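Derivation of every value follows stated rules applied to the coordinates shown; laboratory data play no part. Remember, predicted model here, so these are calculated numbers, not experimental data. As a convention, Cβ positions derive from the backbone with ideal geometry for all residues, glycine included, and neighbour counts pool all protein chains shown.
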Amino acid sequence: MEQTLTLTDDMRLVLGLVGFTMAMFLFERIRADVVALVVLVVLGITGLIAPEEIFGGFSGNAVMSIIATTILGAGLDRTGALNRLAGWLQRRAHGRQRRLLGLTSAIAALNSSFMQNPSVMALYLPVASRLASRTALSLPQLLLPVAAAIVMGGALTMVGNSPLILLNDLLISANNNLPSGMATIEPLTMFAPLPIGLALVAVSLLYFRWYGSRRLTQELDQAGSQTTPARTESYFAKAYGIEGDVYELTVTADSPLVGMTVADVEGIYGAPLLLALKTGDQTRLSPPADSRIWVGSVLGMLGPSAAVSDFAQNHFLRLSTRLKHLGDLFNPARAGISEALVPPTSPFIGKTAAQLRLRKERGMSLLAINRDKQVILHKVRDEPLRAGDMLVFHSIWTDLAATDRSRELVVVTDYPKGEQRPHKFKIAMSIFALTILIALFSRLPVALTLMTGVAGMLLTGVLRMDEAYASINWKTVFMMAGLIPLGWAMDSSGTAAWIAGHTIDQLPQGIPAWLVGIALALLTTGFSLVISHVGATIVMVPIAVNLALAVDGNPTAFALIVALSASNNLMTGSNPIISMITGPANYTPRQLWRVGGPLSLLYTVVTVTMIFLVF
């Protein structure tokens, strides 16, 4: 370590770049990806990194893994996989809130082990919203426990979050500057952090089961923020009286509905909304009014549970709460309820829904009309439309988009604009499962394994290439690829060794390695509060390796402490997961600190303890 006591010009320049990066991330005067690009250019121009290596970050395993996991997540999203999951979670919870919260958090943690954490959170936001609209749990009560589980679940594999994806590249780089005779640091395998991740997930679930949820509810009550932001289901229930769930009703031989048309059924007083019909091999959303109903036909009807049950009993129909035949039709990723305004130039003016044949020609069921603050629900198909009418539809999103583009109606509800492919669900899940099996039982690099799954989804039509490009967060790619060479420079210039040497000089003689590990974890967590978790990892991993050498510790263990601690931020928006939920749940900084702070301390203790036990 003697050589590290002399501060060279190269070290000063690297320290200056680290300081510049931290200041820009903290004060946000320049975008993070632009900061990374500036750092990259300076490293190349000054010769701290050789010109032929300066762009190596863009082709590194870390960046390619980020791209691959993002595309895989987009493929699962296109098939509506997590929307199906929401329904499954609700059924399994059997109305018990704690069970629902625990199940949702546990499955979210599992998902985050193979997908980028922000992608998982983005997919779970509508899942949580849908669950909150159908249970007594509010959105703020759901989102923080789910977000914490996603953060913890990212520690189950080496591809769950950006710091872990980066770690192997940084360890390989560290090998270039190890003392002579020192054993080479081996890259970590896909499931190397699994025991630590399992312990973290368990701690998160137990924390919210016995303390966190109660504390969060108290904080929300004090702030008066228990109400949930408006959501599609609750909005339509309040504004139009359209509420309840979709049920399947099978027509028996004794039913008086046999031989009736859809229009006849809709004319029955108190009948739930008839949204879909399956007769024989034909399944149709928004069935035409003249469609006939026969023995064995399956009706997809929307309404409150009691009303649908009464209708089924009175008309000799078999009721099923599980969508066995019509599940794909009612997948929220494919279809749903929307509002559309009739503009003054619309050709719909003066015509009825029956005359326009909205169901047969456009696949859209008209459910209600809001005219001059008066809601029309009865015989809406026979009501001539006027300019300014607000119409409520149930339709497939692609059919709605076609009408929206024609400007015959102006759709005011936000809905999925991209093409959804629920019929590709089994293919997407099979490809995903195969990708995981390859990762488990082969020695292929993680990035190559994930790209195998990407290729499969593209070849089978789960995703199109343009959609894959659009799903990539290029800001994250540029930020990571730009900052990776800064970590190399920390090592090659001797800056990391210099910092580690001076740190050891300030510590008492004979300090145990586990205590240094805790200090390293807390310092990395502190960095992650003010700069990105990627930046904290790149700066701290080279220092961690040199600290491990100085105290005769395991460099891999110390580096893993840094990579995991970089994500240990459940209190501020510098963690992308927390920043995504703060707005929808309307959390205050006080609420996040008081609920997330104790869990972050537990995270540190469990991480360091488990790493020293495993490594």
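Points to keep in mind about this one:
- Dipole magnitude of the chain about its Cα centre (Cβ charges: Lys, Arg +1; Asp, Glu -1), debye to nearest 20: 1920
- Degrees, to the nearest 10: 513-530 long Cα axis against longest axis of the chain: 50
- Among Ala253, Gly300, Thr283 - extreme Cα towards positive end, dipole of the stretch 253-315, charges at beta-carbon: Thr283
- Coupling constants for the stretch 537-543 follow from the phi torsions by the Karplus curve (6.51 cos²θ - 1.76 cosθ + 1.60, θ = phi - 60°), and in residue order they are 5, 5, 6, 8, 4, x, 5 Hz; glycine and proline get x.
- Our coupling estimate for the stretch 428-438, obtained by passing each phi through the Karplus curve with A = 6.51, B = -1.76, C = 1.60 and θ = phi - 60°, is 4, 5, 5, 5, 4, 4, 5, 4, 5, 4, 4 Hz, Gly and Pro reported as x.
- Unsatisfied cross-links (Cα-Cα over 31 Å) in the set Lys278/Lys351; Lys278/Lys426; Lys324/Lys475; Lys278/Lys379; Lys379/Lys424; Lys373/Lys424: Lys324/Lys475; Lys379/Lys424; Lys373/Lys424
- Residue among Met479, Ser430, Pro179 farthest towards the positive dipole end of the chain, charges placed on Cβ: Ser430
- Fully extending the segment from Glu419 to Ser442, taken as 0.36 nm per residue of separation minus the present Cα-Cα distance, adds 4.8 nm.
- In the stretch 401-466, the trypsin sites (Lys or Arg not before Pro) that fall in loop regions by DSSP, at most 12 other Cβ within 10 Å: Arg407, Lys417, Arg443
- In order along the stretch 397-407, the phi-based Karplus estimate (6.51 cos²θ - 1.76 cosθ + 1.60, θ = phi - 60°) of 3J(HN,Hα) comes to 4, 5, 5, 5, 4, 5, 5, 4, 5, 6, 6 Hz; Gly and Pro are listed as x.
- Label-point separation, Ala513 to Arg594 (7 Å along Cα→Cβ), nm: 4.2
- Over the stretch 335-411: Rg over Rh, Cα atoms, Kirkwood Rh: 0.91
- Principal-axis tilt of helix 97-112 within the chain, Cα atoms, nearest 10 degrees: 60
- Angle in degrees between helix 474-492 and the longest Cα principal axis of the chain, rounded to the nearest 10: 10
- Net lengthening on full extension, Asp372/Ala387 (0.36 nm per residue, minus Cα-Cα): 4.3 nm
- Among Ser579, Thr537, Val551 the positive-end extreme of the charge dipole of the stretch 460-615 (Cβ point charges): Ser579
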